[in-house]
1. Given the residues L282, L289, L205, which is the only one that is touching a Leu at 6+ places or on another chain (Cβ under 6 Å), hydrophobic (A, V, I, L, M, F, W, C), assigned to a helix (DSSP H, G or I) and at pLDDT below 90?
2. Do we have I462 as within 22 Å of L346 (Cβ to Cβ), among the β-branched types (V, I, T) and within 13 Å of ligand 1 (Cβ to nearest atom) here?
3. Go through R380, R351 for me and flag whichever is open to solvent by 40 Å² or more (accessible area, probe 1.4 Å), within 16 Å of ligand 2 (Cβ to nearest atom) and among the charged types (D, E, K, R).
4. Could you count how many residues in the stretch 357-394 are farther than 25 Å from A246 by Cβ and in a strand (DSSP E or B)?
5. Please determine, by comparing only the residues of the stretch 411-432 that are open to solvent by 20 Å² or more (accessible area, probe 1.4 Å) and touching a Ser or Thr at 6+ places or on another chain (Cβ under 6 Å), which one is nearest to ligand 1 (Cβ to nearest atom).
6. Quick check on my filter: what residues within the stretch 95-152 are over 30 Å from H82 (Cα atoms) and touching a Pro at 6+ places or on another chain (Cβ under 8 Å)?
7. Show the residue pairs that are 6+ apart or on different chains and have beta-carbon atoms under 8 Å apart, the first residue being within the stretch 395-417 and at positive phi, the second being not in a strand (DSSP E or B).
8. For the structure I just gave you, tell me whether R331 is more than 16 Å from ligand 1 (Cβ to nearest atom), of a type in the set (K, R), open to solvent by 50 Å² or more (accessible area, probe 1.4 Å) and at pLDDT below 90.
Amino acid sequence: MSSLDEGFGRLRNAAGQLAALAAAAAAAARPVTAPVTRPWERFTRWLKSVMPKGLYARSLLIIIVPMVVLQSVVAFLFMERHWNLVTNYLSAAVTQEIATLIDVYRTYPQDADRAQLRRIALDRLGLVVDFLPGTPLPPPGPKPFFSQLDAALSDNIRKQIGRPFWIDTVGRSSIVEIRIKLDDTVMRVLARRADVYDPNSWIFLVWMVATSFVVLAIAIAFLRNQIRPIVRLADAAEAFGKGREAPNFRPRGAREVRRAAAAFLEMKGRVERAIEQRTTMLAGVSHDLRTILTRFKLELALLGEGPEIDAIKKDVDEMAAMLEAYLAFARGDMGEQSAPTDIAELLEELRLDTERHGHRARVSFQGSPIVTVRPAAFKRLIANLVGNASRFAGTVEIAGLRDHRWLTVTVDDDGPGIPPHLREDVFKPFLRLDDARNQDKGGTGLGLAIARDIARSHGGDITLGESPLGGLRATVRVPV
Ligand SMILES: Nc1ncnc2c1ncn2[C@@H]1O[C@H](COP(=O)(O)OP(=O)(O)OP(=O)(O)O)[C@@H](O)[C@H]1O
Ligand SMILES: [Mg+2]
């Protein structure tokens, strides 16, 4: 029977593992805690720690990062090529116009104030031209960093006019000033910035960014739908691990997710069938043996008195007690539905029972007391621990604590306790330490095994330790 128990435990463990896996897929990759020395490993560790943990955020990142990189490259190339080209063309055109004006100035006789030349320049070319005889060129100003305009304009003037010049493209104004030294004077030209430079390219960038936001919004909407089935699967697996039902769970979403969900449902079915089979078999075996034991007792009664017969009678009684325990277990919590239960009230009932049997007991509870458990099974779990405590000690202290993740119940006593190396062993079915201590106090040795089974079927566990009262402390922790 104990191998059956182990098999059952393994199945439960497998369910727990699947729950953990699915939860990890939907939510978290835990940080590695092993000490790491190599730089590469340190880097990957750092990367893992800064990367978002959720699948949703990660998928978004997978969409956003390539988009940003692509757009940056495109934008950069665009600026580089297009802006350069257009700015170059525009400043070449303006330079040609200035060169024409210089030719006209030098070739044809001038009226007073060069009024005709200035009029033509203003009306036809949109350039404000002045002549400043006798003024030298100002010293070259600071070269603006990154200005294609300055570079393109200087280049064109040097190539097409080939005279000393001075330009000012830096100011934020919409005017670009160009001075060119002629033989006897300095020609000053004020051109509109828009004539030499292409200022409208940012519209391209605005379109690009705006389009990406639209694409992103669509991606978010679609991703949400893709990830929801995975989260549902994780929830269902988690609920199953805690021994609860996930009533509305159906395979949904992408093919792979559907497959995982279907596999989960199949596994759940197999686990449930295995549990049911175990329960039926245990019940059957116990029942049959009990019938035979009853016959034994009858026959023994007919045999009369004697020391050997008394010994056999005692063994038979012990066996009957064991079978009773197993029958109770087999009939017990299986098939019971989880329900919101007032744990504080449940603990209080146990305290009254304990006091009724002549022991001192104290109960305390912290946090909101309503927790979803299988009520009868959970009560049996705590009752087994309290029963042990009151069997071995005079004072029992029960404390419940509920926080946002766990319900923790500790049962303390002031009895002899259990030595550390035996604290795992006592969970084995039929193992009792009483033999050496006190035969009369002997139970069947199933209590702790049953208690742990119930705790694990709720997704939790029991640990044993030392109590501040001097005896044993049993701690039950189940997720809420
Ligand atoms: N509070 C305790 N203090 C000291 N020893 C304990 C305590 N609880 C359990 N033990 C030891 O652990 C053994 C196993 O406990 P378990 O509850 O599984 O069996 P049992 O109490 O002997 O029998 P059953 O509970 O089935 O009637 C006990 O026999 C006892 O020796
Ligand atoms: Mg017990």
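1. Values: L282 fails: touching a Leu at 6+ places or on another chain (Cβ under 6 Å); L205 fails: touching a Leu at 6+ places or on another chain (Cβ under 6 Å).
Step by step, each of L282, L289, L205 is checked, and only L289 is touching a Leu at 6+ places or on another chain (Cβ under 6 Å), hydrophobic (A, V, I, L, M, F, W, C), assigned to a helix (DSSP H, G or I) and at pLDDT below 90.
2. Values: within 22 Å of L346 (Cβ to Cβ): yes; among the β-branched types (V, I, T): yes; within 13 Å of ligand 1 (Cβ to nearest atom): yes.
Yes; evaluated as a whole, the condition is true for this residue.
3. Working: R351 fails: within 16 Å of ligand 2 (Cβ to nearest atom).
Answer to the check: R380.
4. Within the stretch 357-394, residues that are farther than 25 Å from A246 by Cβ and in a strand (DSSP E or B) number 7.
5. Ranking the candidates gives P429 first.
6. Of everything in the stretch 95-152, just one residue is over 30 Å from H82 (Cα atoms) and touching a Pro at 6+ places or on another chain (Cβ under 8 Å), namely L137.
7. G417/S467; G417/G470; G417/G471
8. On the way: more than 16 Å from ligand 1 (Cβ to nearest atom): no; of a type in the set (K, R): yes; open to solvent by 50 Å² or more (accessible area, probe 1.4 Å): yes; at pLDDT below 90: yes.
In short, no.
The values are calculated or read from the model by the stated rules, or taken from the named source; none is laboratory data. Please read all numbers here as calculations on a predicted model, not as lab measurements. Every residue, glycine as well, gets a Cβ built from its backbone with ideal geometry; the counts of neighbours run over all protein chains shown. Protein only, heavy atoms only, side chains kept; ligands, DNA and RNA dropped before computing areas. Shrake-Rupley method; radii C 1.70, N 1.55, O 1.52, S 1.80 Å.
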